[in-house]
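The values are calculated or read from the model by the stated rules, or taken from the named source; none is laboratory data. On a predicted model such as this, the values are computed, not experimentally measured, just so you know. Don't worry about glycine lacking a Cβ; one is built from the backbone with ideal geometry, like all the others, and counts go over all protein chains shown.
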Amino acid sequence: MTEELCRSAPGGGKLYPFNGVWPKLGKGVFIAPGARIIGDVEIGDNSSIWFNCVLRGDVEAIRIGKGTNIQDNTVIHVDGRGIKTIIGDNVLVGHSAMIHGTTIEDKGFVGFCAVTMDGSHVENEGMLAAGSLLSPSKRVKSRELWAGRPAQKFRDLNDEALKGMMAGTVGYQELARKYLKEYSF
């Protein structure tokens, strides 16, 4: 694909069409240099997609809510059998995660190098620990921490843990605003 077939996103990342469908970005979205957003992808206001991420909405749709951050080297894709990837508001996805055909509800958390597979689901305020593998169709319930390969329920999350998750989300929202100022061209 040549550079003439793409557009620069706020922050320097690249947007590419697929089947004539361009990604759509809300207000205040930051797409870092090296990130590639392809096809039927919608990203809500004040969300951030960090360095070298790939979001490929080619055979289904990807929807990302408001205030969510997708950290460096993460890959988000869909399942061609009709399974979209839906990520809610104020979600934190750690570095080098692999999200495939998954729903992550508002304030969900996916740790560094974690993998989610087709039809899996992380409910509101649920957490998948770093390095974990959430098997197809498995469900992390609200306020649960799952860990391991394959992931299993490890424990319930208390208010302090949830406060820490939200602090990380807010921290990335603030950092993205700073990057937008530095990387606006």
So, residue 8, is that one of a type in the set (S, T, N, Q) and within 17 Å of the chain's Cα centre (by Cα) or not? no
Residue count for region 110-126, restricted to those that are crowded, with 21+ Cβ neighbours inside 10 Å and either of a type in the set (A, V, I, L, M) or closer than 19 Å to residue 62 by Cα (or both): 6
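Is it fair to say residue 90 is assigned to a loop (DSSP other than H, G, I, E, B) and on the phi > 0 side of the Ramachandran plot?
Here the answer is yes, as residue 90 does meet what is asked.
Go through region 94-143 and give me each residue that's assigned to a strand (DSSP E or B), touching a Phe, Trp or Tyr at 6+ places or on another chain (Cβ under 8 Å) and within 22 Å of residue 163 (Cα to Cα).
In the first step, residues of region 94-143 are kept if they are assigned to a strand (DSSP E or B); the result is 98-100, 103-104, 109-110, 115-116, 121-122, 127-128, 133-134, 139-140.
From the residues that got through so far, the ones that are touching a Phe, Trp or Tyr at 6+ places or on another chain (Cβ under 8 Å) too are 122, 127-128, 134, 140.
Across region 94-143, the qualifying residues are 122, 127, 128, 140.
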Could you pull out every one of the strands (runs of 3 or more DSSP E) wholly within region 14-66 that has 2 or more residues that are among the β-branched types (Val, Ile, Thr) and either under 16 Å from the mean Cα position of the chain (by Cα) or more than 20 Å from residue 177 (Cα to Cα) (or both)? 36-43, 54-64
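Please go through region 127-145 and give me each residue that is farther than 19 Å from residue 77 by Cβ and surrounded by fewer than 24 Cβ atoms within 10 Å (Cβ to Cβ), ordered by number.
Within region 127-145, the subset farther than 19 Å from residue 77 by Cβ is 127, 129-131, 139-145.
129, 130, 131, 139, 141, 142, 143, 144, 145 - these are the residues of region 127-145 that are farther than 19 Å from residue 77 by Cβ and surrounded by fewer than 24 Cβ atoms within 10 Å (Cβ to Cβ).
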Of these, 142, 96, 135, which one is among the polar types (S, T, N, Q), under 20 Å from residue 35 (Cβ atoms) and at pLDDT 95 or above? 96
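Restricting attention to region 144-165, report how many residues are of a type outside the set (S, T, N, Q) and either within 16 Å of residue 100 (Cβ to Cβ) or part of a loop (DSSP other than H, G, I, E, B) (or both). If you could, list the steps in order and put the result at the bottom.
Taking region 144-165 and keeping what is of a type outside the set (S, T, N, Q), we get 144-151, 153-157, 159-165.
From what's left, either within 16 Å of residue 100 (Cβ to Cβ) or part of a loop (DSSP other than H, G, I, E, B) (or both): 149-151, 157.
The number of residues fulfilling the criteria is 4.
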